[in-house]
Amino acid sequence: MAVPARLITLNLGSQTVGLAEFRVQAHGGLVLLDYRLREIPGDPAGEEMRRTQMAIALREMMDELHIKRGLVNYALSGQSIFARFVKLPAVEQEKIEKIISFEAQQNVPFPIDEVVWDYQVVGGGLDEQIQVVLVAIKVDLLDEINTGVEDAGLRTSIIDVAPMALYNAFRYNYSGLTGCSLLVDIGARTTNVLFIEPAKVFSRSLPIGGNSITAAIAREFREPFAAAEVRKKRDGFVSLGGAYAEPANPDVARVSKIARSTMTRLHAELMRSISHYCAQQQGSRPERIFLCGGSAGMPYVLEFFNEKLQVPIAFFNPLQNVTVSKSTLTLEVTRSVHLLGEVVGLALRSITTCPMQLNLLPASVVRRQELEKRRPFFIVAAACFLLALVGWSVYFTRAAQVTRQTTQLLQQKNDTMRVAETRLDKLKKQAASLDSVATPLITAINDHNFWPEILAELNTRLPEADIWITELYATSGGKPLGTGEKHLAEKTTTPAPVLLPSPAGRSKTKPESGGAAIDGIVVRGLYLYNPKQQEIVLDYFRNLATSPFFIVDAKTPERVVKSNSVPNDAEWAFPYELQLTLRKPVKLP
């Protein structure tokens, strides 16, 4: 392949944007000329603002690196794309693409014509099952991201996925390792784990990252997300636990415990991922672990995982086999080397055949690249056309006759196409009719996500201690659903656990009126005798006031909180009840 004079790579992380410039040595090695990193802080809810800030940061970094224009390889963050490893039966080589196309339609959770997708075979073959990694991204999201990159003056060459770019960088720098290595990329929103063996790779995304710590700090200190992010960077470290002395500043101690609690959750998810990899993918247990990503730089993260996992742990160094051109960069690279894996992996795509060759190019870029490849042929064709004009001037009469014959043929084809158009209109009407039948079914399928989201929301906003939920049930027009009239008789008794009616089983509580809907949730539970007493229920109420699922007025708790019990020294737990109204009622079939 033709290697450009300079290589520009861009990593569009969820919170960190990295831009780097490389050149290729005579023997094919990479040289890092310069790079820039920018953090895009802010509340994850402000996605549109984050993309605007990202575009501004990209232009600033290009100015600092004196990049006006050029081809760029860039990577999309893990949460922007859908990725899945699937196993396929062993088939002939010529049938692989067809069966993968079928699997893509089955696995990608969007209509296949609304996504850009790619795949790569990563294992198996011959008489073994074939393992394939599928990646996809919505067309509109990809076009929006690509427009922002190209508006800055860059032209897209390759669009990779961040975890796979990390995998290419790992293979390039640690090619001599045997056994299983675990690469843990702790990002802002998610943690991507890659199990890497000499002939096997498996990736998984965990919904825990640096923002999980920031969100917990914001809840603990009751401050905005941006202020909590500043506090995390200023005071944050992972508490070592055990016999270590706590910091003198109580706020710093609270932040460190929050960080440790989040990392403990991440450790539990890592252990589940390792068990899944060994059981479902027939992989080996990791012999070593490498950390990378923005949140891996928090103090004592490495020590925490070393204590928990009891295997050799180090920071991933993607520049182990890459030369740094400036001595002035050495100190800066030492501090941020664990953030450069993606940009190195992207540069490798242009100089060698990498083990992972995914490319999610939008249709506009594909068309442009095809035109650029054909440009020499277009020039030759233009020259031939000019020569043909001379011949046409001699044979003008013959050309006129050919034109008339061609017109007649085109007219015949046009008539044929009109018939096809009429048939196509009928098919469109049939498709519209089928859509009207399918829409209610799709709505019912989507309703399956309702209760898991409600349960996750109630659990997330529950205070950390001294209070729990014992009973949930849905209401419609103030009346309970799913358990008959039982709840009306038990309002003065201690609540007992009751299962929620699922969207798939709501036909058992189908109301007489076809317009009825689930418009509320009743939460019952107990709280322990504690220093805050009934205030802990109000804490839960205030947490729910910011929920996107419920209509809760923080100024009128008496409309939601129903608790007549008075704490006393004779009992250890006291009941409470919350009557929550849904923002979006769910229709009953």
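Any read-out appearing in this document is the output of simple, stated calculations on the displayed coordinates, not a laboratory observation. Because the structure is a prediction, the values reported are computed rather than measured. Here Cβ is always computed from backbone atoms with ideal geometry, including for glycine, and neighbour counts include all displayed protein chains.
Quick notes on this one:
- All C-alpha to C-alpha distances of the range 236-329, sorted into 5 Å bins beginning at zero, yield P(r) values of 3, 11, 17, 19, 16, 13, 9, 7, 4, 0 percent in whole numbers.
- Between the Cα long axis of helix 250-280 and the first principal axis of the chain there is an angle of about 60°, rounded to the nearest 10.
- Considering all different alpha carbon pairs of the chain, the Kirkwood hydrodynamic radius works out to 28.6 Å.
- Each part gets one Cα centre, and for the range 324-354 versus the range 187-244 those centres are 24 Å apart.
- Peptides 301-310, 536-545, 12-21 ranked from most to least packed give 12-21, 536-545, 301-310, packing being the mean of other C-beta atoms within 10 angstrom over each peptide's residues.
- Listed by chain and number, the lysines whose C-alpha is less than 17 Å from the C-alpha of Lys308, apart from same-chain residues fewer than 8 away, are Lys257.
- Sorted largest first, extent of the range 176-316 alpha carbons per principal axis (Å): 48, 31, 24
- Peptides 421-432, 547-558 ranked from most to least packed give 547-558, 421-432, packing being the mean of other C-beta atoms within 10 angstrom over each peptide's residues.
- Sorted by Cβ density within 10 Å, fewest first, the residues His338, His27, His276: His27, His276, His338
- For the Cα trace of the range 158-228, dividing Rg by the Kirkwood Rh returns an Rg/Rh value of 1.16.
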